[in-house]
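Structure first, then comments.
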Amino acid sequence: MKQNRIQKKLQEDKKLLSIYFTAGYPNLDDTVKVIQDLEESGVDLIEIGLPFSDPLADGPTIQDSSTKALNNGMHTELLFEQLAAIRKTVSIPLIIMGYFNPVFQYGVEAFCEKCKEVGIDGLILPDLPLDVYQEEYESIFKEYGLINVFLITPQTSDARIKAIDEASDGFIYMVSSASTTGAKTGFGEVQKSYFDRIANMQLKNPQIVGFGISNSQTFDQATTKAKGAIIGSAFIKHLTEHGPEKIADFVQGIR
Amino acid sequence: MRNPLSIEVKLKKIPAYVGMTKIMSYHANEKGYYGEFGGAFIPEMLYPNCEELRQKYIQIMEEPSFKEEFDQLLKDYVGRPSPLYFAERLSNKYNTKIYLKREDLNHTGAHKVNNTIGQILMAKRLGKNRIIAETGAGQHGVATATVCALMGIECVVYMGEIDIARQAPNVARMKMLGAEVRPALSGSKTLKDATNEAIRDWINNPVDTHYIIGSVVGPHPYPDMVARFQSVISEEIKAQLLEKEGRENPDYVVACVGGGSNAAGAYYHFLDTPEVGIIAVEAAGKGIHSGESAATSALGKVGIIHGSKTLLMQTDDGQITEPYSISAGLDYPGVGPLHAHLFKSGRGEFISITDDDAMKAGMELSKLEGIIPAIESSHAFAILEQRKFNPSDIVVINLSGRGDKDLQNYIDYFKL
């Protein structure tokens, strides 16, 4: 398979900053502007949140942004329309993150085909389990050149981490603590030993840490061992306070 | 009066169904699928807990000490076996033989406690010392708070903010029983959101907490585990019917379906007996096509809710929609995967009943038999006006709960 943008980015000799935002938030038509501003500000990867009515793994900040985006009128087809020309202006790796049901309703193959068409590089679908992915969807993802990103947590067993590493061909999304998004900030000894444990496993896929990262201090802590870190809720809060403006200020505050 | 012990003797003659699931087509397979429905569509954060439960639940349930404790509590604490009552006046009116399975006589007033007794014993054996649960109308919340009080275990019940306001007596019951009732403030602030909040709590407390789901919904192994705990209902029906009619199998078993736990329990031992007709009664609300309904089999499409692939009320875009029924216990936007399979395969006959017809049926049962049913159960009785049975048919209707909790609704509806 031809290397996609995520795989190329992962080879760069730097710690990667990935930013999550909810499509259609704070305003329905902000999606493209937010992506463009994030790229200009020097972010390395972008996770575009496809809003869902029942986001089980998310805390109040991302829940609220999803509800607002849906109320704004965001839906799957509209997101693809908004992204139709995105590759004319940005070259940053783009990942769609969402829950499985909206993708399932769109049709998994149709969704993947559309992703390829607009230039999406990967998907993060936290409630699509490893075994179902491998049995039913892996071949479709691969056919359309999409990288599927799996999550691991401090409770994930070594054996399962190894299985997830085998099934991955991009990076592993390393959830920093047992929590929903935005629930905790900062890292203690428990996280440090978890970061060490994973680093010592010498996985073939690099790890990007998410959950609990909100500023430069937590970004540095998260990336001591890992390849990069993801900021979600803290950026959503920025958008809530400032609208789709001053994105560069936010990003420069991280590194 | 029948000696309850005679039932126990009979029950021992029933073959052990537990462990036979592989050869039974309408039961879950080892991955938790009922046909195309079920499975465990959960974020990785929930994987260790669900996996631990999956690996251990059957083994624990089959331990003699577990069975003994479970049976003892069902007998002495819940008051089982619940009677199978021949409803003579109702039978005369509809010209068929109607038996009521009296789950309304259980401690806490409904079938819900069968499951919470089972799960609290499961939680203890898994070494958990904190319980969480979701509740809509509050019946499952009360049943969970009850068993937590019984065992002296910390209990947090999530309940939609709107439901808290409209179900004040059950909120008070839970508080008296020592549970903390936490409002679910997200989304539509009802049962679906309370379930989301309970799942989020479990994500945040993965080590010490067990989540007692109240219905045959959620990720594998919950639908199968809850169905097994509720299967005491059909196990007793078989023994009781044998005693009264000289045969184990009725012609029909009727139950209301929200998530579907009382129905799963009433059907369980008849699922693979095709001569027993299975009738599932859903809440049509103000009419199936009124936009205010909870008739999932008619309005739902295949989708994922709370970790299970099932029939689900949703928009074309895959956003989960809010159901409506006058009965708070039936307004769940999905249905357990077992029931989705019964519907899709044609094994079950699905009928939906409007608010009005359910309320009338509740009033009729009160007047004819001196039993005020929960509005959920009233839906099951309402089919008697719509569905003709033969005079010789034996129809068992699962009377899943009593109407005390719904008195205000009956008062408002009938201007009592």
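Calculate, for A:Glu113 and A:Arg255, the FRET efficiency according to 1/(1 + (r/R0)^6) with r their C-beta to C-beta distance and R0 41 Å; round to the nearest 0.05.
On the way: r = 36 Å, r/R0 = 0.87.
Efficiency computed from Cβ-Cβ geometry: 0.70.
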Q | Net length gained if the chain between B:Ala298 and B:Glu68 were fully extended (0.36 nm per residue, minus Cα distance) | A | 78.7 nm
**Q.** Nitroxide proxy distance, nm - points 7 Å out along Cα→Cβ at B:Thr273 and A:Glu135
**A.** 3.1 nm
Q) For chain B, what is the percent of antiparallel DSSP beta bridges, rounded to the nearest 5? A) 30 percent
Q. Which of the aspartates and glutamates could be linked to B:Lys415 by a straight reach, that is with a Cα gap under 18 Å, when you skip same-chain ones fewer than 8 residues away?
A. B:Asp355, B:Asp356, B:Asp357, B:Glu364, B:Asp404, B:Asp406
Q. By the gyration tensor of its Cα atoms, with a ≥ b ≥ c the square roots of the eigenvalues, what is the shape of the stretch A:35-127: rounded for a/c under 1.5, prolate for a/b over b/c, or oblate?
A. oblate
Q) So for the pair B:Glu245, A:Asp158, with labels modelled 7 Å out along Cα→Cβ, what separation do we get in nm? A) 5.9 nm
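Less than 12 Å Cβ to Cβ from A:Asp37, Lys/Arg counted +1 and Asp/Glu -1: what total charge do the surrounding residues give?
-3
Applying a 10 Å radius around every beta-carbon, put A:226-235, B:81-90 in order of their mean neighbour count, most first. Could the numbers behind the result be given before it?
Details: A:226-235: 24.0, B:81-90: 18.9.
The densest-packed peptide leads the list: A:226-235, B:81-90.
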(Q) Relative to 2.2 N^0.38 Å, what does the C-alpha radius of gyration of the protein assembly as shown come to as a ratio? Two decimals please. (A) 1.00
Q.
Contact order normalised by length for the stretch A:171-255, with contacts defined as Cα pairs under 8 Å and 6 or more residues apart; what percent is it?
A. 32 percent
**Q.** Alpha carbon Rg of the stretch B:194-286, scaled by the compact-globule rule 2.2 N^0.38 Å
**A.** 1.33
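So which of B:Lys192/B:Lys344; A:Lys162/A:Lys227; A:Lys184/B:Lys189; A:Lys184/B:Lys31; B:Lys97/B:Lys192; B:Lys128/B:Lys175 end up more than 28 Å apart, counting from Cα to Cα? Write down the numbers at each step before the final one.
Numbers: B:Lys192/B:Lys344 23 Å; A:Lys162/A:Lys227 18 Å; A:Lys184/B:Lys189 24 Å; A:Lys184/B:Lys31 33 Å; B:Lys97/B:Lys192 37 Å; B:Lys128/B:Lys175 21 Å.
Pairs exceeding the cut-off: A:Lys184/B:Lys31; B:Lys97/B:Lys192.
With a cut-off of 8 Å between alpha carbons and a minimum separation of six or more residues, what is the relative contact order of chain B in percent?
Details: 880 pairs, mean separation 79.6, N = 416.
It rounds to 19 percent for chain B.
When a/c reaches 1.5 or more, the comparison of a/b and b/c decides; with that in mind, is the stretch B:76-167 rounded, prolate or oblate per its Cα gyration tensor? Don't jump to the answer; show the numbers that get you there.
Details: a/c = 3.67, a/b = 1.78, b/c = 2.06.
Oblate is the answer for the stretch B:76-167, as a/c is 1.5 or above yet b/c matches or exceeds a/b.
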Q. Can you give the Kirkwood hydrodynamic radius of the stretch A:110-152 from its Cα pairs, in Å with one decimal?
A. 10.6 Å
Q) So which cysteines of chain B have no other cysteine's Cβ under 4.7 Å from theirs? A) B:Cys50, B:Cys256
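By the scheme Lys and Arg +1, Asp and Glu -1, what is the net charge of all other residues having a beta-carbon under 11 Å from that of A:Gly119?
On the way: positive: A:Arg5, A:Arg87, A:Lys88, A:Lys114, A:Lys116; negative: A:Glu117, A:Asp121.
Overall, the nearby charge balance is +3.
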Q | Prolate/oblate/rounded call for chain A, Cα gyration tensor, a/c under 1.5 rounded | A | rounded
Q.
Given a Förster distance of 45 Å, report the FRET efficiency between A:Ala167 and B:Met176 from their Cβ-Cβ distance, rounded to the nearest 0.05.
A. 0.35
Q. Once the Cβ-Cβ distance between B:Ile162 and B:Lys286 is put in as r, and R0 is 22 Å, what FRET efficiency do you end up with, to the nearest 0.05?
A. 0.75
Q: Enter the Cα centre distance for the pair the stretch A:86-154 and the stretch B:116-166, rounded to the nearest angstrom.
A: 37 Å
Q) Measuring from label point to label point, each 7 Å out along Cα→Cβ, what is the B:Asn390 to A:Arg197 span in nm? A) 6.3 nm
**Q.** Candidate lysines - alpha carbon under 18 Å from B:Lys286, same-chain residues fewer than 8 apart omitted
**A.** B:Lys360
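So what's the net charge close to A:Ile247: Lys and Arg +1, Asp and Glu -1, counting the other residues with Cβ under 9 Å from its Cβ? Write down the numbers at each step before the final one.
Values: positive: A:Lys33, A:Lys246; negative: A:Asp37, A:Glu40, A:Glu245, A:Asp249.
Result for the neighbourhood of A:Ile247: -2.
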**Q.** Dipole-positive endmost among B:Val207, B:Ala184, B:Ala266 within the stretch B:153-268 (Cβ charges, Cα centre)
**A.** B:Ala184
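For chain A, list the DSSP H helices whose alpha carbon atoms reach 30 Å or more along the long axis and whose average Kyte-Doolittle value is -1.0 or above?
Details: long enough: none.
Counting only whole DSSP H runs, no helix qualifies.
Starting from the stretch A:1-84, pick out the trypsin sites (Lys or Arg not before Pro) whose DSSP state is loop and whose Cβ has at most 14 other Cβ atoms within 10 Å. Provide the component values of the computation, followed by the final result.
Details: sites: A:Lys2, A:Arg5, A:Lys8, A:Lys9, A:Lys14, A:Lys15, A:Lys33, A:Lys68; in loops: A:Lys2, A:Lys14, A:Lys15.
Here the trypsin sites (Lys or Arg not before Pro) that fit, given the DSSP loop and packing criteria, are A:Lys2, A:Lys14.
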Q. Sorted by packing (mean other beta-carbon atoms within 10 Å per residue), highest first, where do A:173-179, A:21-27, B:48-54, B:364-370 land?
A. A:21-27, A:173-179, B:48-54, B:364-370
Q. Taking 0.36 nm per residue of separation and subtracting the Cα-Cα distance, what length does fully extending B:Leu150 through B:Glu349 add?
A. 67.8 nm
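Just so you know, all these numbers are worked out from the coordinates, no wet-lab data involved. Since we're looking at a predicted model, the values are computed, not measured. As a convention, Cβ positions derive from the backbone with ideal geometry for all residues, glycine included, and neighbour counts pool all protein chains shown.
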